[in-house]
1. If you go through the range 170-180 one residue at a time, how many are over 18 Å from residue 142 (Cβ atoms) and either within 9 Å of the ligand (Cβ to nearest atom) or surrounded by fewer than 14 Cβ atoms within 10 Å (Cβ to Cβ) (or both)?
2. Can you name every residue in the range 41-98 that is within 30 Å of residue 25 (Cβ to Cβ), of a type in the set (Val, Ile, Thr) and touching a Cys at 6+ places or on another chain (Cβ under 9 Å)?
3. Could you please find all residues in the range 89-113 being over 14 Å from the mean Cα position of the chain (by Cα), in a loop (DSSP other than H, G, I, E, B) and modelled with pLDDT under 95?
4. Quick one: how many residues across the range 26-65 are in contact with a Leu (Cβ under 8 Å, 6 or more places away or on another chain), part of a loop (DSSP other than H, G, I, E, B) and open to solvent by 20 Å² or more (accessible area, probe 1.4 Å)?
5. How many residues are of a type in the set (Asp, Glu), open to solvent by 40 Å² or more (accessible area, probe 1.4 Å) and touching a residue at least 40 places away in the same chain (Cβ under 8 Å) if we restrict to the range 75-106?
6. Which one is modelled with the lowest pLDDT among residues in the range 71-88 that are within 16 Å of the ligand (Cβ to nearest atom) and part of a loop (DSSP other than H, G, I, E, B)?
7. Among the candidates 138, 192, which residue alone is more than 11 Å from the ligand (Cβ to nearest atom) and open to solvent by 20 Å² or more (accessible area, probe 1.4 Å)?
8. Scan the range 200-236 residue by residue and report those that are open to solvent by 60 Å² or more (accessible area, probe 1.4 Å) and within 12 Å of the ligand (Cβ to nearest atom).
Amino acid sequence: MQLDKILQSQGFGSHKECRKLVRDGEVKIKGEVVTDPFIELDENGLVFEIGEWEWEYTEKVYVALCKPEGYECSQKPKHHESVYHLLPEPLVARGVQSVGRLDVDTTGLLLFSDDGQFIHAIAHAKKQVTKGYRAITAQPVEDAQIEALLAGVQLIDEPEPIAALSARKTGERELELVIDHGKYHLVKRMIAAAGNHVERLHRFAVGQLSLEDGSLPELEPTDWCYLRPKHLALLGYQP
Ligand code: URA
């Protein structure tokens, strides 16, 4: 593929802007400045540098972010900053979307991609990939609440009770649960229906991909990383 087209496909601007980037000497390949925007290159596995960043050509891109508190998962946020401001501009420009959403006050693992099939498989398919959450609750966690979450709780506006795949008390006012649904405020509503109230919520895992077991690089709040084929495999996804 032509270098200017490669850059455009990766979110570095319009055709014209990408040609200018190259002509201005902003693009390096294997440490050498390349000034011909029309040079034909094999894009597969191509690594290039722009400014201080090193980029790798990918047909589709998959990203994991450790979402901090106080960020909205909307491109046009109303009251807070957008999670999209935490990603480099070219990723946003090439059209990555968050895979489902987390509430403003929820922290933890949030995935992004420009692969519509992936987003559907993880967040919208009937049989969704599991999500693991840790909640700090207002009241002490009671066995009856765990039992209710496992048996299924009836939520307003839902036709049937929704059950956690697993739920366990992990502290006096802390519980972990795994669910495979992705409805609005679901965990908070389930815990409320079980008789408690969520004060803080953290998503530590999506499928077998976890912020806590070494399956991902260590990510502090606001950090992001690319997802490689081995990570996608842990989500049961093959591009
Ligand atoms: N459930 C919630 O209630 N909030 C989230 O952010 C995610 C799941």
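The values are calculated or read from the model by the stated rules, or taken from the named source; none is laboratory data. A quick note: this is a predicted structure, and the numbers were derived from the prediction, not measured. Virtual Cβ from ideal backbone geometry, glycine too; neighbours counted across all protein chains shown. Note: areas computed on protein heavy atoms with side chains; ligands, DNA, RNA excluded. Shrake-Rupley method; radii C 1.70, N 1.55, O 1.52, S 1.80 Å.
1. We begin by selecting, within the range 170-180, every residue over 18 Å from residue 142 (Cβ atoms); these are 178-180.
If we keep only those that are either within 9 Å of the ligand (Cβ to nearest atom) or surrounded by fewer than 14 Cβ atoms within 10 Å (Cβ to Cβ) (or both) too, we end up with 179.
Of the residues in the range 170-180, 1 are over 18 Å from residue 142 (Cβ atoms) and either within 9 Å of the ligand (Cβ to nearest atom) or surrounded by fewer than 14 Cβ atoms within 10 Å (Cβ to Cβ) (or both).
2. Within the range 41-98, the subset within 30 Å of residue 25 (Cβ to Cβ) is 41-61, 63, 84-96.
Filter once more, so that each one left must be of a type in the set (Val, Ile, Thr): 47, 50, 58, 61, 63, 92, 96.
Listed by number, the list holds a single entry, 63.
3. 94
4. The total comes to 6.
5. At the first step, the residues of the range 75-106 found to be of a type in the set (Asp, Glu) are 81, 89, 103, 105.
Okay, now just the ones that are also open to solvent by 40 Å² or more (accessible area, probe 1.4 Å), so 81, 89, 105.
Then drop every residue that is not touching a residue at least 40 places away in the same chain (Cβ under 8 Å), which leaves 89, 105.
Selection size over the range 75-106: 2.
6. So the residue we want is 77.
7. Values: 192 fails: more than 11 Å from the ligand (Cβ to nearest atom).
Every option except 138 fails the conditions.
8. 200 - this is the single residue of the range 200-236 that is open to solvent by 60 Å² or more (accessible area, probe 1.4 Å) and within 12 Å of the ligand (Cβ to nearest atom).
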